[in-house]
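> Quick one: structure below, then a few questions.
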Amino acid sequence: MLSARILQRIIATNAAWPGGITAAAATLLPSRVPSSVPELGPARPAGVRAMSFLPPTGPRRWPLYNEQVFPPTGADEAPRPAFVCHVKTNVKYSTKKMWYIASMIRGMSIEEALKQLQFVNKKGAQIVSEALKEAQEMAVRDHNVEFKNNLWVAESFATKGRVLKGLRRHARARPGIVHYRYTHYFVRLEEGAPPEQYYADAPLPPEEMLKRWLEQRRQRTITHSL
Amino acid sequence: MTTVLKSAIVIGTVAKACRLKVPQQTRQILAAQLPASEQMRFKHWNPKFRVLRGKKIIKVELPNFNEDEEAKQLSPDEIRKKLKEKGMLPPRPWQERTMSIGCTGGVFEEYVPPEGDGKVSIVSTTGAKQRLTALEKKGKSMLSVRKIRSYDEEFDVGEFAEQAVEIYKAAHQALTARDKATLHANVTELAYPKMMQNVRHKTVRWQLLKSLEPPRVVHVRHTDILNKENVFAQVTVRLHTQQLLAIYDRFGRLMYGSEVVGKDVLEYVVFEKHLADEYGRWRIHSKVVPDWMPARDPVTRTWRKEPVPPPEEGEAEPEKGDQGAETGEKAAAAAS
């Protein structure tokens, strides 16, 4: 029989406020060309803790990026590309599984991303497709994006949402905990054509590599030479 | 063994080894190609273990965290059904909260501007006639002016026209600066959402360059709401000005207008004041847009034209208007 202590712990964990959202997958990403979106402050003032008896509201900062207003660009500056941030909160899927799909579509044009996701045989593909379509609609309707296909996936990542715990029985009446995992999926679409290389440390073409090698060799200072 | 069967078994074993599920489509294709006698096994020979394994797990009813968002798409009947299932009472149908009426709901007895106004030269006979047809000749307007004077002794029609331009300027400058306090002081509750909605998340640059013609009061009316004492007055002022308007979207890209080219604007702005309120102020309430007024400049952007559904038999065919331009003009955030 399952001990009362274990039962109590499980009930307590489910009721309590879950540990804060783990650091965004951005920290796990290899070095990337820096984002054009400026940093936002904290979503709520420090020192204010959420009450454990209120239901969680999910990520708050990501949709705030859509409310930033930029000053008009001068005639000499390049026009700023439009972007839209969208999040699907508390989707019934594991973050570990969602990571594969989220990282697959990074740097793709939206058309290409939707096309590829059609043939990915995972539940997360359906979730990400819906998120992309919603973001596309938002961009055209609210953010002055003229052509809905002129968008590419600038940022795509998933973080841990709620985790509810259930019980199961193992052999010899041993208890086991079942985790019902939820995830938040974040996507940022930017207007324009996707870049050639999404990651900064992508391998260079052979001509470029040769050029750099030659430059390095020519910059050498040969000591004690004539 | 046939080649198809061999390949099916290979796929099955490989899939099992890699712990991949054979996709539904592949399974169907293979099953269709095999004769009935050589059916590929997709199920365990004794499925009782699966059932027993399932019984070890305590079923938990998982909550739907996105219920509130999904509820926005439902019809009222479906929402009522859901509330019943949960055993929740419906929301209170009445409001136990006081409401103060600060302005009327619209324009009563709208002014009908004469056609061709603003196009006729002042020097011509028609133009001269229009200018000379003063407010004194209009009976109802004079009655309303007398009513206003009973509450505000120093009300003068000529002076008010100049005042109106100042209020107009203050309101638009407040809109540009997003100064809500000044905007509320210069614009009624009816006009405030119409003005603010269009400039949300946008940068507006507006300037009144000059008045092409002196402002003129063309129409005055008064009415009472609920009581005979609760009097509101509405004054329509004809403004012919040259304005500069440039609207930039959220990213600082020019959406509408220009910062260098001014435009001639002829409009009939309705100002309203709550006379019964001692702190009442003259504020912009609405505008009168006649049918003969030419359309505004189109926005330099395209929209997808929604496909018009074919008309049902017996119904008149819907007018295939230029939906794209209409939505474009609605979206064009002309601040006034």
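The values are calculated or read from the model by the stated rules, or taken from the named source; none is laboratory data. Predicted model only: the values in this text are computed from it and were never measured. All Cβ positions, glycine included, derive from the backbone under ideal geometry; neighbour counts span all protein chains shown. Just the protein is used for accessible areas: all its heavy atoms, side chains included, with ligands, DNA and RNA removed. Shrake-Rupley method; radii C 1.70, N 1.55, O 1.52, S 1.80 Å.
> With every protein chain left in place, what is the accessible area of B:HIS222 in Å² (1.4 Å probe, nearest 10)?
Estimated to the nearest 10 Å², B:HIS222 gives 70 Å².
> Find the sum over both chains of the accessible area lost when A and B are paired, probe 1.4 Å, and report it in Å² to the nearest 100.
For A against B, buried area totals roughly 2600 Å².
> May I pose another question? Restrict the search to segment B:158-256; then list the GluC sites (Glu not before Pro) that DSSP places in a loop and that have at most 10 other Cβ atoms within 10 Å of their Cβ.
Answer in residue order: B:GLU229.
> Sticking with this one: At R0 = 25 Å, how high is the FRET efficiency between B:SER150 and B:ILE101 if r is their beta carbon distance? Nearest 0.05 is fine.
The pair B:SER150/B:ILE101 has a calculated efficiency of 0.75.
> Could you work out the Kirkwood radius for segment A:80-193, taking every pair of different alpha carbons, averaging 1/r and inverting it, reported in Å?
Its Kirkwood hydrodynamic radius stands at 15.1 Å.
> Loop-only GluC sites (Glu not before Pro) in segment A:153-216, please: DSSP not H, G, I, E or B, and at most 12 other Cβ atoms within 10 Å.
A:GLU196
> While we're looking at this one, here's another question. In units of 2.2 N^0.38 Å, what is the alpha-carbon radius of gyration of segment A:96-156?
Compared with the compact-globule rule of thumb, segment A:96-156 sits at 1.09.
> State the Cα centre-to-centre distance between segment A:128-142 and segment A:63-89 in whole Å.
16 Å
> Give me the net charge of A:ALA75's neighbourhood, meaning all other residues with Cβ under 15 Å from the Cβ of A:ALA75; Lys, Arg count +1, Asp, Glu -1.
0
> Oh, and also: Other chains' Cβ within 10 Å of B:55-64 residues: what's the mean?
Average per residue, whole number: 4.
> I'd like the distance separating the alpha-carbon centroids of segment B:203-267 and segment B:67-98, in whole Å.
Their Cα centres are 41 Å away from one another.
> State the percent of C-alpha pairs, over all pairs in segment B:108-240, separated by a distance greater than 19 angstrom.
Every Cα pair in segment B:108-240 considered, those over 19 Å come to 61 percent.
> In whole percent, what relative contact order does segment A:80-193 give with Cα contacts below 8 Å and a gap of six or more residues?
Relative contact order here is 43 percent.
> Efficiency by 1/(1 + (r/R0)^6): what FRET value for B:LYS140 and A:ALA193, r their Cβ-Cβ distance, R0 = 60 Å, to the nearest 0.05?
E(calc), rounded to 0.05, equals 0.45.
> Are there any residues in segment A:65-107 with a reduction of at least 50 Å² in accessible surface when going from the isolated chain to the assembly of protein chains? Probe 1.4 Å, please list them by number.
Residues passing the criterion (a loss of at least 50 Å², heavy atoms only) are A:VAL69, A:PRO72.
> Order these peptides, A:66-74, A:106-114, by their mean beta-carbon neighbour count within 10 angstrom, highest first.
A:106-114, A:66-74
> Can I ask one more? Please report the projected area of segment B:160-298's Cα convex hull averaged over all directions, in nm².
Answer in nm², one decimal: 9.3.
> Let me ask something else. Sum up the charges of everything whose Cβ sits under 12 Å from the Cβ of B:VAL107, counting Lys and Arg as +1 and Asp and Glu as -1, but leave B:VAL107 out.
With Lys, Arg at +1 and Asp, Glu at -1, the net is -1.
> Could you check the simple spin-label distance between A:ARG174 and A:MET138, using points 7 Å along Cα→Cβ, in nm with one decimal?
Here the modelled spin labels are 4.5 nm apart.
> Once label points are set 7 Å from the Cα along Cα→Cβ at both B:ARG178 and B:ALA32, what is their separation, rounded to one decimal in nm?
5.8 nm
> If you don't mind, another one. What figure, in Å² to the nearest 10, do you get for the accessible area of B:ASP224 with a 1.4 Å probe and non-protein molecules left out?
Per-residue accessible area (B:ASP224): approximately 70 Å².
> Also, I was wondering about something else. Would you kindly find the accessible area of B:TYR192, with a 1.4 Å probe and non-protein molecules such as ligands, DNA and RNA excluded, rounding to the nearest 10 Å²?
The accessible area comes out at roughly 40 Å².
> Take A:GLN118 and B:ARG296, extend 7 Å from each Cα along the Cα→Cβ direction, and tell me the distance between the two endpoints in nm.
Between A:GLN118 and B:ARG296, the simple spin-label model gives 4.0 nm.
> Mind checking the mean number of beta-carbon atoms from other chains within 10 Å of the Cβ atoms in B:242-252?
Taking the mean over all residues of the peptide, I get 5.
> At what distance in angstrom do the alpha carbon centres of segment A:155-219 and segment B:160-179 lie from each other?
Their Cα centres are 53 Å away from one another.
> Ordering A:ILE177, B:ILE101, A:ILE105 by how much accessible area each has at a 1.4 Å probe, largest first, what is the list?
The residues order as A:ILE177, B:ILE101, A:ILE105, largest area first.
> Which percent of Cα pairs goes in each bin when the distances of segment A:149-226 are cut into 10 angstrom slices starting at zero?
13, 18, 17, 17, 14, 12, 7, 2, 0
> Give me the net charge for the shell around A:VAL145: Cβ to Cβ below 15 angstrom, other residues only, Lys and Arg +1, Asp and Glu -1.
Net local charge, A:VAL145 excluded: +2.
> Right, another one. In Å², and per residue, what accessible area does segment A:92-161 have when probed at 1.4 Å with the other protein chains present?
Computed with neighbouring chains in place, this is 50 Å² per residue.
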